[in-house]
Amino acid sequence: MNTVGTGKNSPAGATAGQAFRSAAENLRETVGDALDRGKSDLSATADEARQTLSEDVARLKDDLQQLQKTVAGFASNAGGAAASTVKDVGQAVVSQVGSVASQAAAAATDQAKTVTSELEGMARRNPLGTLAGTLLVGVILGMISRGRR
């Protein structure tokens, strides 16, 4: 068997080993460069994402403050409108109650006048019956008041 050119010490073996080492070194440099570029790109992307997120959070904070102001303004306006409405309703109710009370008082006054004029007319037509009725009412009121003592 001839082992010429296949051993480690042979010039062909040394050249193949060097080529292998050189290829491995090139591969390591290429992979290292790719990793460095990836790390740099990843860092830049992370920085950009952090900056964008920071801007978005700031905008969201501003939007929330605007929303809070809008809701507070709405609540204030709604409260003012509700108070005004309640006041208007209260005034309308007071006005209507006053009107109804006035009408009721007028009706009661008219009714009292009517009853008084009827009693006066009965007394003029039948004076003895009026005296007897008055006496009867007096006796009944006396009995009621005596029973309470």
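The values are calculated or read from the model by the stated rules, or taken from the named source; none is laboratory data. If you're wondering where the values come from, they're calculated on a predicted model, not measured in any experiment. Cβ sites come from the backbone with ideal geometry, for glycine too, and all protein chains shown count toward neighbours.
When Gly138, Gly147, Gly142 are checked against the criterion of being at pLDDT below 85 and part of a helix (DSSP H, G or I), Gly147 stands alone in meeting it.
Out of Ala123, Ala107, one residue alone is surrounded by 10 or more Cβ atoms within 10 Å (Cβ to Cβ) and in contact with a helix residue (DSSP H, G or I) (Cβ under 7 Å, 6 or more places away or on another chain). It is Ala123.
Residues that are among the polar types (S, T, N, Q) and either modelled with pLDDT of 80 or more or loosely packed, with under 10 Cβ neighbours inside 10 Å (or both) within the stretch 1-39 comprise Asn2, Thr3, Asn9, Thr15, Gln18, Ser22, Asn26, Thr30, listed in sequence order.
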